[in-house]
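Participant: Dumping the structure here so I can ask a few things about it.
Readers should treat all values here as calculations from the given coordinates under stated rules, not as data from a laboratory. Just so you know, these numbers come straight off a predicted model, no measurement behind them. Positions of Cβ are generated from backbone atoms using ideal geometry, with glycine treated the same way; all protein chains shown enter the neighbour counts.
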Amino acid sequence: MSSFRLSRIPAIDTALKLVTISAVMFAFVFVVMVPLYNVLCDALGINGKTSSQVYTAVPAAVDESREVTVQFVVINNDGMPWSFAPTTRVMRVHPGAANGVVFTASNPTDQSMVAQAIPSISPSRAAAYFHKTECFCFEQQALAARDGAEMPLQFIVDQGLPRDIRTITLSYTLFDVTDTVTDGLAAR
């Protein structure tokens with residue numbers, strides 16, 4: 001039985017094979033699996049991912065016969081010192097109607113910082129019916145030391161939302177991305 005050999009010394013041969021297999025596995029995970037996961041989430045509407053694109057509203061009648069509860073939840077990622085909260089935690093909305101809420105953020109530190117808010121919708125199948133026409137999550141948010149800001153969110157719950165979904169939870173996780181900003185902090 002013949003086997004593929006990279007070296008005449010068995011221990012070196014085994015080590016080289018293991019390093020090669022590890023490199024191929026690592027590349028497969030990041031080059032193939034991450035984009036495939038994102039495509040599947042977009043196609044199937046799973047994992048509560050919302051679009052990071054501005055939704056352009058189309059004229060539609062408001063469904064006054066139906067109300068949907070929208071809850072707003074915020075979470076700061078580990079190490080994010082900002083205070084971050086919605087001015088309204090729960091809204092009752094009619095599908096098809098334009099709605100708005102304001103989130104407030106303040107940077108209590110002595111340094112300028114940049115944050116990025118990542119949204120998630122629950123239940124995940126409601127994500128395809130929750131359209132943001134304006135959102136602070138579309139861009140990174142810069143705050144100077146000891147500064148604060150109001151950050152608006154404008155949204156529409158689509159009339160096509162399945163009738164069995166009566167409550168939608170929009171959750172934002174706020175991340176400190178100051179170290180990833182290469183061109184300096186934007187003035188606010």
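Participant: How many residues are surrounded by 14 or more Cβ atoms within 10 Å (Cβ to Cβ) and hydroxyl-bearing (Ser, Thr, Tyr) when one looks only at region 62-82?
Facilitator: 0
Participant: With the requirement that a residue be part of a loop (DSSP other than H, G, I, E, B) and surrounded by fewer than 18 Cβ atoms within 10 Å (Cβ to Cβ), what does region 159-178 give you?
Facilitator: Going through region 159-178, the residues part of a loop (DSSP other than H, G, I, E, B) turn out to be 159-166, 177.
Within region 159-178, Gln159, Gly160, Pro162, Arg163, Asp164, Ile165, Arg166, Val177 qualify.
Participant: Next question, about the same structure. Just the residues that are out of contact with any Pro (no Cβ under 7 Å at 6 or more places or on another chain) and closer than 12 Å to Ile121 by Cα, please, taken from region 148-170. So that I can check it myself, show each step before the final result.
Facilitator: Of region 148-170, the ones out of contact with any Pro (no Cβ under 7 Å at 6 or more places or on another chain) are 148-156, 160, 162-164, 166-169.
Once the filter is applied, which keeps residues that are out of contact with any Pro (no Cβ under 7 Å at 6 or more places or on another chain) and closer than 12 Å to Ile121 by Cα, region 148-170 yields Thr167, Ile168, Thr169.
Participant: A follow-up question, please. If you check Pro86, Pro81, which single one turns out to be under 30 Å from Pro162 (Cβ atoms) and either without any contact (Cβ under 8 Å) to a residue 40 or more places away in the chain or not hydroxyl-bearing (Ser, Thr, Tyr) (or both)? Working first, answer last.
Facilitator: Details: Pro81 fails: under 30 Å from Pro162 (Cβ atoms).
The conditions single out Pro86.
Participant: Tell me the residue from Gln116, Gln154, Gln141 that is in contact with a Lys or Arg (Cβ under 9 Å, 6 or more places away or on another chain), surrounded by 14 or more Cβ atoms within 10 Å (Cβ to Cβ), more than 23 Å from Val68 (Cα to Cα) and not hydrophobic (A, V, I, L, M, F, W, C), please. Working first, answer last.
Facilitator: Details: Gln116 fails: in contact with a Lys or Arg (Cβ under 9 Å, 6 or more places away or on another chain); Gln154 fails: more than 23 Å from Val68 (Cα to Cα).
Only one candidate passes the filter, namely Gln141.
Participant: Going by the structure shown, is Thr88 of a type in the set (Ser, Thr, Tyr) and in a strand (DSSP E or B)?
Facilitator: Values: of a type in the set (Ser, Thr, Tyr): yes; in a strand (DSSP E or B): no.
Spelling it out, it is not the case that Thr88 is of a type in the set (Ser, Thr, Tyr) and in a strand (DSSP E or B).
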